[in-house]
């Protein structure tokens, strides 16, 4: 059996085991009552929000490629974003997602160097949008991290945003290049080349963003629409079960948990996502429903895109791509 199929079987067992455990340990006598009262219209809204989120994820990538001086079709852009879900869920730390995006962009005719920069900016735009939301989230939801004073959390968030602005300024200056040259003198040539390659990609991304500020603003807005649409799936699921909640609290906690998932070491954040969801929402929903909602969220946001990405990977590259890239 090939390594890819072993990895796929392991993924199915892992996600199935986690989902089963989450539901099993959170079930109680109230679960069936809430599920029988489920409102089917919410599934239509979930599908609509999911479609909007994926569409704007595709258009922002399309516009990023155009800013770089290249062109791809909307279909090719959509294939790129689904490929990210596919390999991210198969590799530790979601490392394969970036590889898949670069490979699909290269197949669409984008030079590999530019493709790497585009993928980096796409991820950066998402993280930047989420970080900008953090101060407001901590202000409106003091119960999110109750053991840390809200003033400390807000201050830390603003400091983090200020650091991002400083890094952009620093990369624009020649001082950053001098620092990297001096810092890498003690490293071996092979490692030094890798560090310089990463530095060039990051600096190239910064210059690419600064040369077209209005276009980048559009990409940033599209990033926000995409992310908010996808995260709004959870509040709609809450409504489907007839749960009363504060929309801004639920959406804010979804943003918070997805920031953490960017740095999760497990494939696609498996285990961490479900556990974090139960921890953050267990007190906000009726007993016995949090596990079902956690699994439903993961199915919509991760597993369905994974299957679509799997289809595109096989259709565009064939099975050989899967064997070679999933290592």
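For residue 215, the requirement of being closer than 25 Å to residue 113 by Cβ and surrounded by 17 or more Cβ atoms within 10 Å (Cβ to Cβ) is not met.
Checking 87, 49 one by one, the residue that is over 20 Å from residue 318 (Cβ atoms) and surrounded by 12 or more Cβ atoms within 10 Å (Cβ to Cβ) is 49 and no other.
Restricted to segment 182-192, and to residues there that are in a helix (DSSP H, G or I) and more than 32 Å from the chain's Cα centre (by Cα), the residue that is nearest to residue 210 (Cα to Cα) is 182. Quick check on residue 51: is it assigned to a loop (DSSP other than H, G, I, E, B) and in contact with a helix residue (DSSP H, G or I) (Cβ under 9 Å, 6 or more places away or on another chain)? So residue 51 fails the test. Residues of segment 1-27 that are loosely packed, with under 12 Cβ neighbours inside 10 Å, in contact (Cβ under 8 Å) with a residue 12 or more places away in the chain and in a loop (DSSP other than H, G, I, E, B): 2 alone.
Conditions tested, residue by residue: (1) within 26 Å of residue 285 (Cβ to Cβ); (2) at pLDDT 85 or above; (3) out of contact with any helix residue (DSSP H, G or I) (no Cβ under 9 Å at 6 or more places or on another chain); (4) assigned to a helix (DSSP H, G or I).
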| site | (1), (2), (3), (4) |
| --- | --- |
| 130 | yes, yes, no, yes |
| 178 | no, no, yes, yes |
| 215 | no, yes, no, yes |
| 222 | no, yes, no, yes |
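The residue list 102, 80, 45 contains one member that is assigned to a helix (DSSP H, G or I), touching a helix residue (DSSP H, G or I) at 6+ places or on another chain (Cβ under 7 Å) and more than 30 Å from residue 113 (Cα to Cα), which is 45.
Can we say residue 128 is without any contact (Cβ under 8 Å) to a residue 40 or more places away in the chain, under 20 Å from residue 98 (Cβ atoms) and surrounded by 12 or more Cβ atoms within 10 Å (Cβ to Cβ)? Considered against the rule, which asks whether it is without any contact (Cβ under 8 Å) to a residue 40 or more places away in the chain, under 20 Å from residue 98 (Cβ atoms) and surrounded by 12 or more Cβ atoms within 10 Å (Cβ to Cβ), residue 128 comes out as no.
Each residue in segment 105-115 was checked for being crowded, with 23+ Cβ neighbours inside 10 Å, in a helix (DSSP H, G or I) and modelled with pLDDT under 90, and 1 pass. Please determine whether any residue of segment 86-94 is in contact with a helix residue (DSSP H, G or I) (Cβ under 8 Å, 6 or more places away or on another chain) and farther than 25 Å from residue 278 by Cα. Yes, segment 86-94 contains a residue that is in contact with a helix residue (DSSP H, G or I) (Cβ under 8 Å, 6 or more places away or on another chain) and farther than 25 Å from residue 278 by Cα. Only one of the listed residues (158, 145, 136, 140) is surrounded by fewer than 18 Cβ atoms within 10 Å (Cβ to Cβ), at pLDDT 85 or above, more than 30 Å from residue 305 (Cα to Cα) and out of contact with any strand residue (DSSP E or B) (no Cβ under 9 Å at 6 or more places or on another chain). That residue is 140.
Please go through segment 233-248 and give me each residue that is in a helix (DSSP H, G or I) and touching a residue at least 40 places away in the same chain (Cβ under 8 Å), ordered by number. Within segment 233-248, 233, 234, 236, 237, 238, 239, 240, 248 meet the criteria. Taking the residues in segment 67-77 that are part of a helix (DSSP H, G or I) and in contact (Cβ under 8 Å) with a residue 24 or more places away in the chain as candidates, determine which candidate is nearest to the chain's Cα centre (by Cα). Ranking the qualifying residues of segment 67-77, first place goes to 76. The single condition among (1) at pLDDT 85 or above; (2) surrounded by fewer than 23 Cβ atoms within 10 Å (Cβ to Cβ) that residue 60 does not satisfy is (2).
The values are calculated or read from the model by the stated rules, or taken from the named source; none is laboratory data. Just so we're clear, the structure is a prediction, and the values are computed from it rather than from any experiment. All Cβ positions, glycine included, derive from the backbone under ideal geometry; neighbour counts span all protein chains shown.
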